[in-house]
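The values are calculated or read from the model by the stated rules, or taken from the named source; none is laboratory data. Owing to the predicted nature of the structure, the values given are computational and were not obtained by experimental measurement. Cβ placement follows ideal geometry from the backbone for every residue including glycine, while neighbour counts extend to all protein chains displayed. Ligands, DNA and RNA are excluded from the accessible area calculation, which covers all protein heavy atoms including side chains. Shrake-Rupley method; radii C 1.70, N 1.55, O 1.52, S 1.80 Å.
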Amino acid sequence: WYQRRVREAVVSTQSTGEVWCVDVSGSGDFVATSSHDKSIRVWERSDEPLVLEDERETARELQYEQSLVSAQETIIPGEAAENEAESAGKKSMDTVRAAERIMEAIEVYREEGAKERDYEEALTADKTAPPPDKNIILSTLNLTPTDYVLDVMKKVRPSELEESLLVLPFHYICDILTILNECLLNKKSVELCCKCTFFLLRVHHNQIVANKALIGVIESLNRSTREVVKEVKDVIGFNLAALKFLQLDHQDNSESFFKDFTGKVKDVRRKKRAVLKTVS
């Protein structure tokens, strides 16, 4: 019996309930059921195979997605409930999938880091040790582990990025802060890295301060963010000054053009009048 091929005969309410009565047709092609929700349903037999595990998995995913949609807003530590400004994103299946992609990228980053450390240890014992095989994803995309994690975070929608970071366990946050520090030192995606860094520091402040392993990373982030943000502000200020200069230059040229043109028109009219006077 294929549960999706169902035809409702009589329905009094939209709720569901326990099945009280079942009756099979004489041909065995149909089954009629009546349930606690005052509904009668007719079930049609299908030739398609029914895999109970797949049906249960589908039902669990649907229930989980509904629970995410109907869940309350995420509470951010340190944020007052009466604040007017709130996060634009909401927890959904897309944010959960984005968080899973970020965690998978971090796992690749960890594996490559472990391979690199093992290779360095092998070189101390044997200088002819072969280098480790690079991850197939990194080889295909021609990216370093740090750039791969950054690329995955870039592909997350800006409205879903903060909610995706909230889903991550704290032991992934430690790796993300290290990756963000490396990206800021290399001046890669400054705006994205600063946004993620400030958000994670605000949300996980107590745990980060209590973690001694992150002291060096936080000190480096303090220096790198100040330097990079100052450099970006200088570039933006220089560009704004150049645009204002071009605007003023364009306005001056436009006024002079119109002035010259009006002067030429006056000269032409004066010459026409002089010609008419001589003719008359």
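Summary table
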| item | result |
| --- | --- |
| Some residue of region 126-145 being under 22 Å from N222 (Cβ atoms), under 20 Å from the mean Cα position of the chain (by Cα) and surrounded by 17 or more Cβ atoms within 10 Å (Cβ to Cβ) | no |
| Matching residues in region 123-135 - criterion: being assigned to a helix (DSSP H, G or I) and either over 22 Å from Y109 (Cβ atoms) or at pLDDT 90 or above (or both) | T124, A125 |
| Options L150, L184, L166, L192; residue that is part of a helix (DSSP H, G or I), surrounded by 18 or more Cβ atoms within 10 Å (Cβ to Cβ) and in contact with a Lys or Arg (Cβ under 7 Å, 6 or more places away or on another chain) | L150 |
| Close pairs (7 angstrom Cβ cut-off, 6 or more residues apart or separate chains): without any contact (Cβ under 8 Å) to a residue 60 or more places away in the chain in region 228-241, open to solvent by 80 Å² or more (accessible area, probe 1.4 Å) anywhere | V228/K187 |
